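As C-alpha cells, the structure follows; a few thoughts come after it.
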Amino acid sequence: MDRILVSACLVGWPVRFDGGTRTSHDPRLAAWAAEGRLVPICPETAAGLSTPRPAAEIEPGADAEAVHEGRARIVDAAGGDHTSAFLEGARVAVATARVRGCRYALMTEGSPSCGVEFVADGTFSGRRKAGEGVVTRALRAAGVEVFSPADIDALAARIAAEAG
Ligand code: SF4
C-alpha cells in the first residue's frame, strides 16, 4: 500500500507558527487515515522549531531552489535567519517518506516549507507568489509526487488506480 506523507496541520495537529491548524475535513483524508495510509509530519517542528514561532518567509525574489543551494534564506519579519532549521525539516521529511514508503505527499499550501503551488512573497504583507516550499522541493527531487489540498481529486485518482 502506497502511503501519503501529509502536512500535520492538515490533519488537525496544532503545529502552525501561530499554534493553529489548517484542518481539512475532506472525507477522503479520514478514509486514508483509517486505512493507515497517512504519515503526518510537521517538518518545522520535526526540525526542533517551537510552537508558536515567528512567521517566516523565503526572501523576496528568491525561491526554494535558491534556499537549497545556499543562495537565499528563510527569515522572520525581524530578519532572524531560520534557514538551517527549515532545511533540516526538509531533510527529515524526505527521510520519513523513504522509511515509511510514501510515494505521494499532500502538503499545506502557502508555507515556506510545505507550499505546493504558491508561497508568501517574502514581504510579510500577505501577498503570495507562485512557487514551492523547501520541503516540497526536496520531496519532488526525491521522487515523491506532491499534491496540494486543491488537487486532492488527482491524489484520490492515483490511490484509486493503485487499489483498482
Ligand atoms: Fe503545517 Fe508544514 Fe507549516 Fe508544519 S511546516 S505547520 S506541517 S505547513
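Quick look at the values:
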| quantity | calculated |
| --- | --- |
| Which numbered condition A77 misses (of (1) within 9 Å of the chain's Cα centre (by Cα); (2) more than 24 Å from A30 (Cβ to Cβ)) | (1) |
| Tabulated pairs, region 46-71, first within 11 Å of the ligand (Cβ to nearest atom), second polar (S, T, N, Q), C-beta under 7 angstrom, 6+ apart or interchain | T51/T45 |
| Evaluation of I4 against (1) aliphatic (A, V, I, L, M); (2) in contact with a Phe, Trp or Tyr (Cβ under 6 Å, 6 or more places away or on another chain); (3) within 10 Å of the ligand (Cβ to nearest atom) (one fails), failing number | (3) |
| Scan of region 2-41 for residues that are assigned to a loop (DSSP other than H, G, I, E, B) and in contact (Cβ under 8 Å) with a residue 40 or more places away in the chain, ordered by number | D2, R22, S24, D26, R37 |
| Residue among A90, A97, A85, A130 that is within 14 Å of the ligand (Cβ to nearest atom), touching a strand residue (DSSP E or B) at 6+ places or on another chain (Cβ under 8 Å) and at pLDDT 95 or above | A97 |
| Test: C102 is surrounded by 18 or more Cβ atoms within 10 Å (Cβ to Cβ), within 10 Å of the ligand (Cβ to nearest atom) and either of a type in the set (D, E) or touching a residue at least 40 places away in the same chain (Cβ under 8 Å) (or both) | no |
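The values are calculated or read from the model by the stated rules, or taken from the named source; none is laboratory data. Nothing here was measured: the structure is a model prediction, and the numbers come from that model. Cβ sites come from the backbone with ideal geometry, for glycine too, and all protein chains shown count toward neighbours.
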